[in-house]
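Let me begin by presenting the structure, written as structure tokens, before commenting on it.
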Amino acid sequence: MLLFFGGGSAAATAATAAVGTTNQSFRSSFTYGGKINWFPGHMIKATKQLKENIKNVDVVLEIRDSRAPLSTENPLLQDILRQTFKDGAKKTHIVVFNKADMSNHNLQSKIKLYYDQYNRLTEDRAYNKHIAFTQSASKTNSAATTHQSHPRHPYQVIKNAVELHRQQQDKLQQQQQQQENNNNNNKIIDTTIIDRKQMKKEINMLVIGVPNVGKSSLINSIRNACRMTKSAKTGALPGVTRNITGFRVSDDPPAFLVDTPGIMIPGVLEDVERALTLSLVGAISEKIVDHTVVADYLLFKMNQMRITTYVTVLKLDAPTDDINRLLEHICQLKGMYLTNQQQFQQIKLNNDRLNSNKTNDTEQASRYLINLFREGKFGNFTLDKIPSPPTSLDQIIITTPNTLEILQQQQQQQSKDQLINEK
């Protein structure tokens, strides 16, 4: 499926002419004319801390949303990891696809196949990644969230991370001993004997991800499994956790988990489809993209994927491709109308006349529709298209905008703005 983006407002393009399908005609493209850029000041500060902290970290746990497994990847993290790799420090990198119970289960096996092949092609490179799937913390009655021995409980990620780090340390130690062999008159040394004393040193793990991928909830589950009493602050708004903190997760070997604030992608998001997907899963502040735009994009994606469960959930007669009609229906179904005060504000803003009839609150209806998706009421599906497993390095080592340079530009602009404000 290809999406084309151009000018025009989402409200105006909601009823764009559609392309014919089997029984129902749906839009083949989504139009959004705005630019999406959300990288507030506290994220710039957090990125500085991250670049320093990652030097002392052994394992990086990158949390993504399984419903958007590619869109919730942060290229800034990849750039930082590549830089540390160039500096001679290789990290064990684990990608944790959280909320796996809310995504397309069939595509999860495709993701696994992709990264299995990915790792075979990128062995001993900075790009190498291990993957894990975890359950959404909102499913409190699920075995995957209540029993830490369950394969998809977050604590299993910690256990696997410790073991993967052991394996990597063993491999590096073997390589080091082999190097000593070559430098010692080709004397043969048994490289299968590994000094396990070195594995008694503490392992520092760092958790990172874009906002609202379930990072704090996942950490809380790990805390509970470790019988910790203090929990990380959680909330529905992106960017809740602003201080970098850590706690012990293992005794043998000693291991500590370090949390970081959610960090977005710096610069203007040129890929509008990705930006809207991030907005839909809650990774971008709701102040940046209008709720009606995000709701319309959700409707567009569901229709494109032939997911019409919203018809039953919202008690519609048939699928629709018109967001305005859908929002009006939700307003009538749920009794969502503007209050008198809201009507007066709207009249003043639009220089309109007072309407004696009830006025639909389409903003509230948009938020309602989006929340139904986030709660999994429309079923389990994945917004991103998962590529086929790569067959060569050329297919996966893709040149992306240098996020570190973009970040530096934003830092310089922030400093200039601060000087202007001080004057």
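Observations
- Index of the failed condition, LEU81 passing every other in (1) under 14 Å from the mean Cα position of the chain (by Cα); (2) surrounded by 19 or more Cβ atoms within 10 Å (Cβ to Cβ): (1)
- Where a residue in segment 82-101 is part of a helix (DSSP H, G or I) and its partner, wherever it lies, is among the basic types (Lys, Arg), with Cβ under 7 Å and at least six apart: THR84/LYS55; THR84/LYS91; ALA100/ARG152; ASP101/LYS139
- Condition check for GLN178 on (1) over 19 Å from the mean Cα position of the chain (by Cα); (2) modelled with pLDDT under 85; (3) buried (at least 17 other Cβ atoms within 10 Å of the Cβ): one failure, at (3).
- GLY282 vs. criteria at positive phi, touching a residue at least 12 places away in the same chain (Cβ under 8 Å) and in a loop (DSSP other than H, G, I, E, B): yes
- Of the residues screened, LEU269 is not one that is buried (at least 18 other Cβ atoms within 10 Å of the Cβ), out of contact with any Ser or Thr (no Cβ under 7 Å at 6 or more places or on another chain) and more than 29 Å from GLU52 (Cα to Cα).
Rundown of residues vs (1) at pLDDT below 80; (2) closer than 22 Å to HIS93 by Cα, yes/no style:
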| position | (1), (2) |
| --- | --- |
| PRO154 | no, yes |
| HIS165 | no, yes |
| GLN174 | no, yes |
| ASN184 | yes, no |
| ILE194 | yes, no |
| LYS201 | yes, yes |
| ASN204 | no, yes |
| VAL213 | no, yes |
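- Residue list for segment 285-325, restricted to those being assigned to a helix (DSSP H, G or I), under 27 Å from ASN212 (Cα atoms) and aliphatic (A, V, I, L, M): VAL293, VAL294, ALA295, LEU298, LEU299, MET302, VAL313, ILE323
- Here SER71 fulfils each of the conditions (1) within 21 Å of VAL281 (Cβ to Cβ); (2) part of a helix (DSSP H, G or I) apart from (2).
- Single residue of SER103, SER66 found to be buried (at least 18 other Cβ atoms within 10 Å of the Cβ), within 18 Å of ILE284 (Cα to Cα) and polar (S, T, N, Q): SER66
- Residue within segment 366-377 that is over 32 Å from the mean Cα position of the chain (by Cα), modelled with pLDDT under 95 and surrounded by fewer than 13 Cβ atoms within 10 Å (Cβ to Cβ) present: no
- Residue list for segment 17-60, filter: assigned to a loop (DSSP other than H, G, I, E, B), surrounded by 18 or more Cβ atoms within 10 Å (Cβ to Cβ) and at pLDDT below 80: TRP38, PHE39
The values are calculated or read from the model by the stated rules, or taken from the named source; none is laboratory data. Note that the structure is predicted; figures quoted are calculated from it, not measured. A quick note on method: Cβ atoms are made from the backbone with ideal geometry, for glycine too, and the neighbour counts reach across all protein chains shown.
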